[in-house]
1. Thr48 passes all but one of (1) under 17 Å from the mean Cα position of the chain (by Cα); (2) part of a helix (DSSP H, G or I); (3) without any contact (Cβ under 8 Å) to a residue 40 or more places away in the chain; which number fails?
2. Across segment 95-133, what is the total count of residues that are in contact with a Ser or Thr (Cβ under 7 Å, 6 or more places away or on another chain), closer than 30 Å to Asp145 by Cβ and charged (D, E, K, R)?
3. Of everything in segment 137-156 that's free of Cβ contacts under 8 Å to residues at least 40 places away in the same chain and within 14 Å of the chain's Cα centre (by Cα), which residue is farthest from Gly61 (Cα to Cα)?
4. Does segment 82-120 hold any residues that are under 23 Å from Asp55 (Cα atoms), among the aromatic types (Phe, Trp, Tyr) and over 10 Å from the mean Cα position of the chain (by Cα), and which are they?
5. Would you confirm, using the coordinates I've provided, whether Asp66 is assigned by TED's automatic domain parsing to the domain that holds Glu45, farther than 18 Å from Thr46 by Cα and either surrounded by fewer than 16 Cβ atoms within 10 Å (Cβ to Cβ) or among the aromatic types (Phe, Trp, Tyr) (or both)?
6. If you check Gly127, Gly157, which single one turns out to be assigned by TED's automatic domain parsing to the domain that holds Val40, in a loop (DSSP other than H, G, I, E, B) and under 24 Å from Ala39 (Cβ atoms)?
7. May I ask you to say which residue of Phe97, Phe87, Phe51, Phe80 is surrounded by fewer than 17 Cβ atoms within 10 Å (Cβ to Cβ) and of a type in the set (Phe, Trp, Tyr)?
8. So which residues in segment 82-124 are assigned to a helix (DSSP H, G or I) and among the hydrophobic types (A, V, I, L, M, F, W, C), if there are any at all?
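The values are calculated or read from the model by the stated rules, or taken from the named source; none is laboratory data. All values derive from a computational prediction rather than experimental measurement. With ideal geometry, Cβ positions are generated from the backbone for all residues, glycine too; neighbour counts draw on all protein chains shown.
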Amino acid sequence: MMNKRSILATLVMCLSMTAIFSQKQTVMQTKTMTKDELAVLQTVETMTKAFNGKDIEVVMGSYQKDALVIFEPGMQVRNFKQLKEMFLAAFAINPKFEYPQGHEVFVNGDNATHIAPWIMSGTAPDGTQIKQSGLSVANLRKQKDGKWLLTFDNPHGSYLMAN
């Protein structure tokens, strides 16, 4: 059983860590990005804008043909035709994705990782309002023509932490 001093010390430590992480996040969001980091971010932003606008051709053009997408925890989709069908089905709720806390982009040669908390709002066919949030973890690969494409897209990166 914890005494008052232990509880207070734990609370102070948690608040301090929160402040440190908040400062670190701000620094990561405001750092000057390299040309490749900006290109990766642009790929993600273009895909998100296309998804919000229900532009399936641009959405699909953001992925490699062998990309892996996790539509729901435990639900892996690799087949490009099935991937397109899943995105088209998702358009039925008029989804709008936002990244209110910003993005982190890490580039290592021709590979990159994009990490960002997201919020999605939409409306089910019966009129029910939908609001979800999560952590997007995506990998991208630089193509021979210099374009960055998504190879792995998991919008449920925080799933294990919630369970």
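1. With respect to (1) under 17 Å from the mean Cα position of the chain (by Cα); (2) part of a helix (DSSP H, G or I); (3) without any contact (Cβ under 8 Å) to a residue 40 or more places away in the chain, Thr48 is out only on (3).
2. 0
3. Val137
4. Phe87, Phe91
5. Yes; evaluated as a whole, the condition is true for this residue.
6. Gly157
7. None of the others qualify; the one that does is Phe80.
8. Within segment 82-124, Leu83, Met86, Phe87, Leu88, Ala89, Ala90, Phe91, Ala92, Ile93 meet the criteria.
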